[in-house]
1. Helix 200-215 versus the longest principal axis of the chain: what angle, 0 to 90°, nearest 10, using Cα atoms?
2. How many times 2.2 N^0.38 Å is the alpha carbon radius of gyration of the chain?
3. What Kirkwood radius, in Å to one decimal, follows from the Cα pairs of the range 7-176?
4. Taking the alpha-carbon distance from Lys221 and a cut-off under 16 Å, which lysines remain once sequence neighbours fewer than 8 residues away in the same chain are dropped?
5. Please report Val15, Val348, Val417 as a ranked list, fewest other C-beta atoms within 10 angstrom at the top and most at the bottom.
6. Which angle between 0 and 90 degrees, to the nearest 10, do you get for helix 18-28 versus the longest principal axis of the chain when only C-alpha atoms count?
7. From the helices alone, meaning DSSP H stretches of at least four residues, give me the mean residue ellipticity at 222 nm for the chain, per-run term -39500 (n - 2.57), in deg cm²/dmol to the nearest 500.
8. Average the reciprocal distances over every distinct pair of alpha-carbons in the range 334-437, invert the result, and give the Kirkwood radius in Å.
Amino acid sequence: MSGRQIMIRKDTEQVIPPELKALELQIEQLPQTPFSAWKRLSVRLEKRPLLDWLRAQTQTFKFCWKNRSGQDFRLGWGIAQEFHARSYPSLQALFSELQTTLQSAPEDLRAFGGTAFPISKNSNFPPHPAWDEMETSRWVIPRFEITRKAQNFYLNLNFYDQNQASRHEIIKLIQAVQPPSPDSELPLPDLQLLKHQPDQREWSQQVAEMLKHFSEHKLDKAVLARVSHFQASTALSGIRLLKLLLEAELPAYLYYFEWPQGTIFAGLSPERLYQRKGVSLRTEALAGTRRSSLDQTLHHRLENELLGSDKDRLEHRMVTDFLNRVLKPFSTQSPEVEPLRLIQSGPVQHLYQPIQAQLKVLPNDADLIEALHPTPAVAGLPRPAALEALEKTQALFRGWYSSPVGWMNASQTEFAVALRCVLVQSDQLRFYTGAGIVKGSVAEAEWEELNAKLETLLRLFKEHPPERISPRAWLSPCAGQC
């Protein structure tokens, strides 16, 4: 291997990848210091499929993150440190602890995780056990992390360096890493729809209930959700799912969390909640939906229909006005709103408007999340009344669906809104979708919108669907190495 020494594990006769031995040597060569501190070691990876590393590791946390442009791409496994919150009142303390920990860490060290959709103070329905492993909020500093710089990939090791004994423990963890395991390329499982919750009849009733609230001037908007239950013909491999998401090559946020007990939450979201670099913040209004089409004539007609829709423009303006209003107290001046445009998201397209703000002070991200989330794009307006109405009408526990997922480091954060997502437990798959209901909404049209959004992920399970491979190859984060 490029003249490098090949190491053999005597107990298993496995070839030790040179990258792991290189990390061991880096630890052995670290100078002794009297201070404990976070360390991040890095070694360039030999060219091999990246997902082979994740596939070989079992019963551990795994993750993948890709931003919308495809330029920020990371995947990894293991837990160097994790942070939990089992209730919303605990979020402030959780984010304070996270930020304190990360401020003393190398700039490139990140925590990845997410937060559940809020429930009102008057809620009387319990969380669904399917979401137990993810809690109200859960964040992980990964032990091992693969990153991309230019055309090279690097294996990174994150650890808290305390003393010589702690270094020996880290070396043991390196030695426990399994060598990359090639993909056996098993056929994709067949998916069978078990039920929609709510079904179409219940959906029509729920839309009618929301329209009644509008006529009584109690609400301006509400976002109803649906979970579609599918059963796979065999247990779905998490890494196979991740490969499908990566191969989709959509201009979307890709997020993938696989927890130690096997629960997987993953998706391809078109929407950013916010990105913060120091005191500079970027967010966006994204609302209003139409299908996309490979037929250019039809596609342009659908674009014009969306841009000219009073109902969709109203729905979008509610989000823009909300974001402007809640950001003003945090900002040095009025947020800057860019021109309205369209954004594509697989089989659908949306109205989209970026917004920028300069913050007065470096905030606790819990304060920003509390102010911004949930936006009218995923909850409704006014927010407290919308949340209460949704719980009374739907009683559907969303878990992390339509909530912040992303990463934090010492000076930056980026959160997507967890849309176009699936929750996987063995052969059971739950796909989550939602639709904004405003005055003038028609239940059948909104049901069709749910189906169109569901296609974003569902079509990936079809062998070689024609829309799956994008001509925009630069979006591929793996550069052919997935």
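1. 60 degrees
2. Numbers: Rg = 23.0 Å, N = 482, 2.2 N^0.38 = 23.0 Å.
Relative to the rule-of-thumb radius for its length, the chain sits at 1.00.
3. 18.1 Å
4. Reachable lysines: Lys212, Lys311, Lys392, Lys439.
5. Numbers: Val15 12, Val348 20, Val417 28.
In order of increasing Cβ crowding within 10 Å: Val15, Val348, Val417.
6. 70 degrees
7. Numbers: 11 runs with 135 residues, N = 482.
Mean residue ellipticity, 222 nm, calculated: -8500 deg cm²/dmol.
8. Working: mean 1/r = 0.0613 Å⁻¹.
One over the average 1/r among Cα pairs gives 16.3 Å for the range 334-437.
Each reported figure results from applying straightforward, stated rules to the coordinates on display, with no laboratory input. Computed from a prediction, not measured in an experiment: that's the story for all the values here. No Cβ is skipped: glycine too gets one built from the backbone with ideal geometry, and neighbour counts run over all protein chains shown.
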